[in-house]
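J.: To start, I am sharing the structure in question, which I have written as structure tokens.
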Amino acid sequence: RTTLDTLRFHSPQGTLGEGLPIAWDKELRWAAATRSLEIAGSTLRLGDLPVTISGRVDGVGLPRPAADLAFTGGPAQVASLVGFLPPFLAPRLDGVTSGGQVAVAGSLKGTLAPPASGQPLPFAWELRFDLAGGSVSAPALPAPLSGIELHLVAHDDTVDLSRFAAATPRSRLELSGTMTSLLATPRVDLQVTADLDLAEAMALQPPQPGLPELAGRFSGTVGVSG
């Protein structure tokens with residue numbers, strides 16, 4: 001068993017959630033003659049989500065090892081959802097409680113080596129992520145975020161976001177679209193539908209000097225491209 005107290009992902013938009021405790025139980029088989037590592041049995045626990053990993057890596061220790069891996073996890077109820085959420089949904093973590101049902105599946109096949117400059121990745125990969133029935137409660141929010149859904153497929157340098165949704169009794173937000181060219185200059189093509197209590201939206205933001213206080217409502221559909 002290999003454990004990590006906290007795993008955090010950092011991006012230009014911020015840190016992904018609160019970080020996740022990691023535990024990896026594994027059974028590995030090593031063939032020295034062919035430098036092959038077979039994953040005979042493996043369960044990676046991302047917080048409350050167990051993910052089964054299977055496959056093999058050939059040419060371990062060589063400059064260009066080749067992998068053929070698959071993983072799947074859930075659907076499982078997780079008691080701490082924030083570590084799976086984009087940073088803009090939970091930028092203030094003090095006193096936050098959350099939960100929801102998460103499922104993941106994916107694969108990786110090809111050469112494990114950095115891509116040449118301006119070239120695509122030397123391996124194919126895919127990740128499917130589904131969150132349903134999510135909720136986030138925070139002291140700054142007058143009512144919890146509920147009905148949180150997030151459904152996406154990521155592959156190569158593209159993320160296809162089929163649906164993101166969250167709501168309170170006074171606000172609702174839905175989003176869909178694509179993000180491409182993640183390895184170069186990312187491009188987005190998103191459709192956002194919102195009916196927001198602006199005071200609730202501001203309550204999610206961390207304190208910043210000079211940040212204006214907003215009140216009232218915003219309702220509309222916004223296209224974001226570029």
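J.: What list of whole percents do you get for P(r) of region 30-140, with Cα-Cα distances grouped in 5 Å bins up to the one holding the largest distance?
T.: Once binned at 5 Å, the Cα pair distances of region 30-140 give 2, 11, 16, 15, 14, 13, 11, 9, 6, 2, 1, 0.
J.: Continuing with this model, one more query. Can you sort Thr158, Thr97 by 1.4 Å-probe accessible area, starting with the largest?
T.: Details: Thr158 25, Thr97 85 Å².
Sorted descending by solvent-accessible area, the residues read Thr97, Thr158.
J.: OK, next. I need two numbers for the chain: Rg to one decimal and Dmax as a whole number, Cα atoms only, in Å.
T.: So, for the chain, Rg and Dmax equal 20.1, 69 Å respectively.
J.: Looking at region 141-226, what % of the alpha carbon pairs are farther apart than 20 Å? Mind dumping the intermediate values first?
T.: Values: 1696 of 3655 pairs.
So the portion of pairs separated by more than 20 Å is 46 percent.
J.: May I ask you to work out the translational diffusion coefficient for region 72-206 at 25 °C, viscosity 0.890 mPa s, via Stokes-Einstein with Rh from the Kirkwood sum over Cα pairs, reported in whole µm²/s?
T.: Diffusion coefficient, whole number: 149 µm²/s.
J.: Something else about it: 222 nm [θ] for the chain, helices only, -39500 (n - 2.57) per DSSP H run of 4+, per residue, to 500?
T.: That comes out to -500 deg cm²/dmol.
J.: While we're on this one: Note down the relative contact order for region 47-153 as a percent, whole number, built from C-alpha pairs under 8 angstrom at least six residues apart. All intermediate terms of the calculation are to be shown ahead of the outcome.
T.: Values: 230 pairs, mean separation 25.4, N = 107.
Across region 47-153, relative contact order equals 24 percent.
J.: Counting only protein heavy atoms and using a 1.4 Å probe, what share of the accessible area of the chain belongs to carbon plus sulfur, as a whole percent?
T.: With neighbouring chains kept in place, the figure for the chain is 58 percent.
J.: What is the packing order of peptides 110-116, 218-224, taking the mean over residues of other C-beta atoms within 10 Å and listing the highest first?
T.: Highest-to-lowest ranking by the protection proxy: 110-116, 218-224.
J.: Now for a different question. Accessible area per residue, 1.4 Å probe, Å², for region 100-226: what's the number? Write down the numbers at each step before the final one.
T.: Working: 7000 Å² over 127 residues.
I get 55 Å² per residue for this part.
J.: Percent relative contact order of region 69-226, based on C-alpha pairs within less than 8 angstrom and at least six residues apart? Working shown, then result.
T.: Details: 353 pairs, mean separation 24.9, N = 158.
16 percent.
The values are calculated or read from the model by the stated rules, or taken from the named source; none is laboratory data. From a predicted model like this one, the values you see are computed outputs, not experimental measurements. Glycine also receives a Cβ, built like all others from the backbone with ideal geometry; neighbour counts cover every protein chain displayed. Ligands, DNA and RNA are excluded from the accessible area calculation, which covers all protein heavy atoms including side chains. Shrake-Rupley method; radii C 1.70, N 1.55, O 1.52, S 1.80 Å.
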